[in-house]
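A short worksheet on the structure shown next.
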């Protein structure tokens with residue numbers, strides 16, 4: 001199913017621009033309409049993108065990565081030059097808001113700056129890169145992509161051809177009682193815990209309506225404070241033995257003992273939901289955005305190829 005949060009179009013553009021040395025003469029690896037991209041700028045970008053993984057790459061892998069990164073830096077420079085002629089630069093308020101969103105989505109300002117510093121990027125470079133990002137994004141939305149739309153016919157066609165994307169995931173809600181025992185625990189310890197679990201299981205079988213009360217008294221899991229309530233979960237969210245047993249139960253049923261890596265479980269299914277197809281009307285807005293982004297991504301590749309043909313681009317990378 002298409003989720004509510006559809007990510008922005010992946011443009012494959014570098015966050016940081018090349019910065020030519022003002023006084024020191026540097027090796028130029030590319031020229032874009034009279035502007036240069038230097039070897040040091042490319043190496044900085046390489047270090048930022050790869051981090052510590054660079055040391056694990058072969059010379060040929062590094063060479064191919066440098067070629068790829070330079071190609072993206074050229075694309076970015078072309079878009080930046082085009083944007084400078086067509087749209088206004090972002091205001092300080094827009095820039096600060098954009099950066100603040102970046103900090104929040106990554107945890108905190110301190111965490112972001114720490115990671116950037118480890119990759120050789122300071123706060124000024126972050127701000128310069130974000131300013132250019134905003135300018136390019138504005139240019140793409142207001143100029144390049146302004147006529148890209150998705151028709152109702154396209155929405156309906158995609159919806160009918162990809163039904164699996166619009167099925168709500170199956171979920172169950174359950175309570176459990178956990179009797180902790182390590183996977184590699186001695187046999188006598190496992191047997192002792194299992195015997196205790198069996199006694200509690202019999203108690204549950206006699207009075208399943210008191211499952212929450214019995215879980216609170218006996219469970220070794222933190223969920224015991226809520227009567228063993230785990231809320232709704234999908235199969236992928238739980239370890240396989242637990243998930244398989246939970247989804248096999250009918251609402252109200254109690255499992256036999258289930259052994260997982262955490263120990264023995266007694267599970268009571270409280271209900272199921274999902275598995276049905278979501279109506280087009282419910283996902284129309286998100287689907288429209290999804291398809292529009294896909295169109296934009298395809299169009300951008302064509303647009304950049306055409307922009308290169310009209311521009312003066314020279315690559316000197318060895």
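Coordinate-derived values only; no laboratory data. No experiment lies behind these values; they were computed from the predicted model shown. Note that each Cβ is placed from the backbone with ideal geometry, even for glycine, and that neighbours are counted across all protein chains shown.
Listing for the model above:
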| read-out | value |
| --- | --- |
| Label-to-label distance, nm, for residues given as residue 313 and residue 60 (7 Å Cα→Cβ offset) | 2.6 nm |
| Kirkwood hydrodynamic radius (C-alpha pairs) into Stokes-Einstein, the chain, 20 °C and 1.002 mPa s, D in µm²/s | 86 µm²/s |
| Estimated [θ] at 222 nm from DSSP helical runs (n ≥ 4, -39500 (n - 2.57)) normalised by residues in the chain, nearest 500 | -16500 deg cm²/dmol |
| Shape of the stretch 222-274, Cα gyration tensor, a/c cut at 1.5 | rounded |
| Ordering of 213-222, 169-178 by burial proxy (mean other Cβ atoms within 10 Å per residue, highest first) | 169-178, 213-222 |
| C-alpha long axis of helix 59-86 to longest principal axis of the chain, angle in ° | 70 degrees |
| Residues 138, 284, sorted so that the one with the fewest Cβ neighbours within 10 Å comes first | 284, 138 |
| Helix axis angle, 92-105 relative to the chain longest principal axis, alpha carbon, degrees | 30 degrees |
| Global form of the stretch 114-218, assessed from the alpha-carbon gyration tensor, a/c cut-off 1.5 | oblate |
| Mean projection area, nm², convex hull over Cα of the stretch 171-273 | 5.8 nm² |
| Likely footprinting exposure, 234, 65, fewest C-beta neighbours within 10 Å first | 234, 65 |
| Listed peptides 80-88, 146-154, 38-46 by packing density, highest first (mean Cβ within 10 Å) | 38-46, 80-88, 146-154 |
| Relative packing of 66-77, 48-59, which averages over residues the other C-beta atoms within 10 Å, highest first | 66-77, 48-59 |
| Hull volume in cubic angstrom per residue (convex hull over the Cα atoms of the stretch 66-117) | 109 Å³ |
| Three-way shape call for the stretch 234-310 based on the alpha-carbon gyration tensor, with the a/c threshold at 1.5 | oblate |
| Ranked 272, 135, 160, criterion: other C-beta atoms within 10 Å, fewest first | 160, 272, 135 |
| Degrees between helix 152-161 axis and first principal axis of the chain (Cα, 0 to 90, nearest 10) | 50 degrees |
| Calculated FRET efficiency for the pair residue 88/residue 117, C-beta based, R₀ 30 Å, to 0.05 | 0.45 |
